[in-house]
Amino acid sequence: MNRQVNAIAGRLSLRAPQRQSLEILDRIAEIVPPKKRTDLATALAAIQSEFPSVTDFEREFPSLCFALATGVGKTRLMGAFISYLYTVYGLKNFLVLAPNLTIYNKLIQDFTPNTSKYVFTGIADFATFPPGIITGDDYEQAAGSLEQLFNVKINIFNISKINSEVRGGKAPRIKRLSEYIGESYFDYLAGLDDLVLIMDESHRYRASAGVRAINELKPVLGLELTATPYVETGKGPVRFKNVIYDYPLPSAMEDGFVKEPAVATRKNFNPAGMSAEEIEKLKLEDGIRLHESVKVELETYARQTSNRIVKPFLLVIARDTTHAGQLRQLIESDGFFEGRYKMKVIQVDSSKTGAEEDEMVQRLLAVESTEEPTEIVIHVNMLKEGWDVTNLYTIVPLRAANARILIEQSIGRGLRLPYGKRTGVMAVDRLNIVAHDRFQEIVDEANKPDSPLRLQQTIIDPDQLQQKTVTVVSQTRLAETLGIKPQQVSTSTVVVESKNLPVFKTEQEKKVAQIAWDEIRKLESQPQAVPSVTFLTKPDIQKQLVEKVASLYQPTQLELEAVVETPDIAAIVATTTNMVVGQTIDIPRILVQPHGVRSGFKPFDLELKDWKYAPVSEDLWIQHLRTNEIEIVTTGEAAGREIRLADYVVRGLSNFDDVSYVDHVDLLYDLALQVIKHFRTYLTEEETAKVLRCYEKPIANAIHTQMQKHYFEDAVDYEVKISKGFTELRETSYTATGEPPRNFKEPVADKNNIGKYIFGGFTHCLYAVQKFQSDTERRLAVIIDRESLKWFRPVRGQFLIFYKFGSEQPEYQPDFVAETDTSIYMLESKAKNEMAALEVLAKRDAAVKWCEHATIHAATYDGKPWKYLLIPHDAIADNITLAGLEQNYLVFPEA
């Protein structure tokens, strides 16, 4: 494979199907080099010999279709194709076709440098001299100058506009003489020796008059990209004959590249007795309520993970333009959800022309921006429009269509993921389709054997949706007393504050305190000078802080003009420092990296009682009924005979990447002898040899599978790096109803749903409110609040402790961290029957390793040691003390 493929795939972070597409192009270009006047019959035969799905180019030049599911990333793949063809074959001229105005504008944006989704980010050849972009609007004026200014030129045209120009047999404008270049732009393109045609969403215009006109350019290569590689005809869909790679939607869903579509209805919904108008209004209202809920869940997730906040929008599919206008009028009225969606709706249909259409397109392109107010898009015909967005989360179809069309039309635009991958949080990873009256019909359609996907089912509880949820942001008490506010606040954000009033009153004092806090946080990364938060109070550190803050503090012009008392910078720095020390627990940032890892497989006895292989006398042909693929079970003569029977088994096992022959030779022969001993209980030696030859690969696979259970990985040594002496406590966020926090000392009646409540009333917690996932955690908080100096529940990313569990390395978040006069505790509570679970033990081991090194670090400055407690749920009660829990459930240090 060309090394440029690896380089481009790495720089553009291509996903597996994108990379595979690029590898196919690499192979195609090798066997059929892209050049003018290629013999089509010879080229087709060469390609078909390796890619039998290509039976016809369907054009007068080599043209191939890459069918990738929506959401996988076709535009980025275009960038990869262009980068490859330029860097490897020197092709410099490309013509990209878009099916409509929306996608046309989106493609121009994505091919323009310094935009958020620029397709060539990371490509070194285009970093200094990016390709020139010529569009269907400026090609006549730009073509002449771009020839000199840009090495690589990318033409982007809207095929729907060309289609409108060729109606009635007229020539498109591109074929008319241009005074700027002395010929038509069409003739200019046709004269190029290296023009490549790239067709986006090609199924929408494949046989149009505009494409037939463009085809006369006879490019050196055509590349089609679509999620639906077929043309609709009166007799049904006809599949393209030039599909060289097919990555369908079920594969994208299984691999986690797109959202999980789910059809939603009300619990116990019965449409009997309801008019069509009543059902429509109910669906719309429930869709809005679901949208509001999703909006809160997305904000909470973003805050918890320090990601950007995603603003979701809802898509309503209307029957026609009149219906769309009525819906917009309803949604923007004062009586609809208190008028909160006024000026937040886009109506997208053919009734818009001129300036209105331009405004509509611009708002569609900006709908992902949190600064763009749109939350609802009303659409008439989804199949004729499309735009590349990641924040569509709720769809309300209000027009009649059979279930299959409804599914296909509903899911396409909403499958893309806002963070590029699934998060594991259902609300963030799911696309909701509200279909009360069509719920069962859609579910049945999706469950048919030929359905392209399987839909999840979501039952809407109207009582829950009626209850408005919000994102509750709880800053640390330190942030509150310093007067610091959250950086991002939306209409769904509720900032919970304790009764602590800000210490600093004037704007000048607050400004100095903010600067001091910013400088203190910078000292986190100087563990040698500031190994602990208490070191901030040392005279030399205080002097350093005061000097730095004084140099950064600049009075405003109004302060200079007025008589304003100069703040006492030293006093404010001292007060700020004391607050930081008093409301921070020393949590160092510890990086524990294995050094000299030893891994392998421990000796064990194979499970062989069900192995009943029989020798074969000749090759066996096995035909798969579904795929018609042929599999041959051979006698193994071609692989060569071994002198010793055990060598067949060892040879097969040595082919696995994780099996080292040198390190495991004794184990491999021990396993081989176990297999031979088993076969000799019912086979002769010759029959055993034949079985080992015939079934070498499946036998090796079966043994290798059993070996995985006995894999070990030991770190001979650890390299430990302390990158921070202490770390700032992070803001916490929760999804909750608007009801006030409950007192954490009072048990709730609904213990199974305790996770939906917020609790407050703490004396020593470093946050105003907290959430608990079980009543056991709440009761443990009562003990900790009573007996510690300060405590909190860590959020994701606070510790960065990772544990190995299977092939994954997830992050571990302890239940509690608490500081007393003598120690700092990391506490974990578990159900009694889970105490010995493998994942619990893996978390325990990672936490113990962290606490061990945190204690070593603390000893360097006479700090408090760390202790890790793993506590069964039935040992936690209000009358139990922290000392009692330590006495019975201390894991580290060992008693």
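The values are calculated or read from the model by the stated rules, or taken from the named source; none is laboratory data. Computed from a predicted model, the values in this text were never measured in an experiment. Cβ placement follows ideal geometry from the backbone for every residue including glycine, while neighbour counts extend to all protein chains displayed. Side chains are part of the model used for accessible areas, which takes the heavy atoms of the whole protein and leaves out ligands, DNA and RNA. Shrake-Rupley method; radii C 1.70, N 1.55, O 1.52, S 1.80 Å.
Please report, in debye to the nearest 20, how large the charge dipole of the chain is about its Cα centre when each Lys and Arg carries +1 at its beta carbon and each Asp and Glu carries -1 there.
Numbers: 105 positive and 122 negative charges, 142 e Å.
Here the size comes out at about 680 debye.
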GluC sites (Glu not before Pro) within segment 343-378: DSSP coil, no more than 16 neighbouring Cβ in 10 Å: Glu371
Specify which residue in the list Met343, Gln770, Leu91 is farthest towards the positive end of the charge dipole of the chain, using unit charges on the beta carbon of Lys, Arg (+1) and Asp, Glu (-1), about the Cα centre. Met343
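So, with +1 on the Cβ of K and R and -1 on the Cβ of D and E, and no other charges, what is the size of the charge dipole of segment 40-113 about its Cα centre, to the nearest 20 debye? Working shown, then result.
Working: 5 positive and 5 negative charges, 66 e Å.
Computed charge dipole of segment 40-113: roughly 320 debye.
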In terms of the alpha carbon gyration tensor, root eigenvalues a ≥ b ≥ c, rounded if a/c is under 1.5 and otherwise prolate when a/b exceeds b/c or oblate, segment 61-206 is oblate
Distance (nanometres) between label positions extended 7 Å along Cα→Cβ at Lys170 and Ser306: 5.9 nm
Around Ala858: net Lys/Arg minus Asp/Glu count, Cβ-Cβ under 14 Å: 0
Which sequence of Lys342, Lys690 reflects their accessible areas, 1.4 Å probe, from the largest down? Lys342, Lys690
Spin-label point model (7 Å from Cα, Cβ direction): what's the Gln528 to Ala46 distance in nm? 6.2 nm
Just how large is the dipole of segment 737-895 about the Cα centre, in debye to the nearest 20, putting +1 at every Lys and Arg Cβ and -1 at every Asp and Glu Cβ? 280 debye
Go through Lys538/Lys843; Lys267/Lys468; Lys175/Lys352; Lys117/Lys153; Lys161/Lys342 and tell me which ones have a Cα-Cα distance over 25 Å in this structure. Lys538/Lys843; Lys175/Lys352; Lys161/Lys342
For the chain, what is the mean residue ellipticity at 222 nm derived from helices alone (per DSSP H run of n ≥ 4: -39500 (n - 2.57); sum divided by total residues; nearest 500 deg cm²/dmol)? -11000 deg cm²/dmol
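Quick one: net charge of Pro872's neighbours, Cβ under 12 Å, K/R +1, D/E -1?
Working: positive: Lys830, Lys832; negative: Glu828, Glu834, Asp874.
That works out to -1.
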How big is the gap, in Å, between the Cα center of segment 77-113 and the Cα center of segment 844-881? 56 Å
Only sites in a loop by DSSP and with at most 14 other Cβ atoms within 10 Å count here; which GluC sites (Glu not before Pro) in segment 1-106 make the cut? Glu60
Global geometry of the chain, whether rounded, prolate or oblate, following the gyration tensor of its Cα atoms and the 1.5 cut on a/c: oblate
Within segment 674-714, list the chymotrypsin sites (Phe, Trp or Tyr not before Pro) lying in a DSSP loop whose Cβ has at most 16 other Cβ atoms in a 10 Å radius. Tyr682
Please enumerate, by chain and number, the lysines with C-alpha under 30 Å from the C-alpha of Lys609, excluding those fewer than 8 residues away in the same chain. Lys677, Lys690, Lys697, Lys709
Any residue on another chain or 5+ positions along whose placed amide H is under 5 Å from the amide H of Leu223 is listed here as Leu64, Leu197, Ile198, Met199
Report, please, the projected area of segment 312-395 averaged over directions, based on the convex hull of its C-alpha atoms, in nm². 5.4 nm²
Taking a ≥ b ≥ c as the square roots of the eigenvalues of the Cα gyration tensor, with a/c under 1.5 meaning rounded and otherwise prolate when a/b exceeds b/c and oblate if not, segment 51-139 is prolate
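Helix by helix through the chain, keep the DSSP H runs that span 24 Å or more along the axis on Cα and average at least 0.0 on Kyte-Doolittle, and give those back in order. Display every interim value, and only then the final one.
Numbers: long enough: 276-305 (43 Å, -0.77); 661-679 (26 Å, 0.53); 838-859 (32 Å, 0.14).
Span-like helices here: 661-679, 838-859.
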Provide the solvent-accessible area of Ser551, counting protein heavy atoms only and rolling a 1.4 Å probe, rounded to the nearest 10 Å². 70 Å²
Which percentage, to the nearest 5, of the DSSP beta bridges contained in the chain is antiparallel? 40 percent
Can you tally the net charge around Tyr734? Count Lys and Arg as +1, Asp and Glu as -1, for every other residue whose Cβ sits under 10 Å from the Cβ of Tyr734. +3
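Could you sort out which of Lys36/Lys92; Lys241/Lys421; Lys485/Lys511; Lys548/Lys724 sit more than 24 Å apart by Cα distance in this structure?
Details: Lys36/Lys92 14 Å; Lys241/Lys421 32 Å; Lys485/Lys511 13 Å; Lys548/Lys724 20 Å.
From Lys36/Lys92; Lys241/Lys421; Lys485/Lys511; Lys548/Lys724, over 24 Å: Lys241/Lys421.
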Set of aspartates and glutamates near Lys771 by C-alpha distance (under 16 Å), chain-local residues within fewer than 8 positions excluded: Glu297, Glu497, Glu731, Glu739, Glu746, Asp750, Asp785, Asp815, Glu828
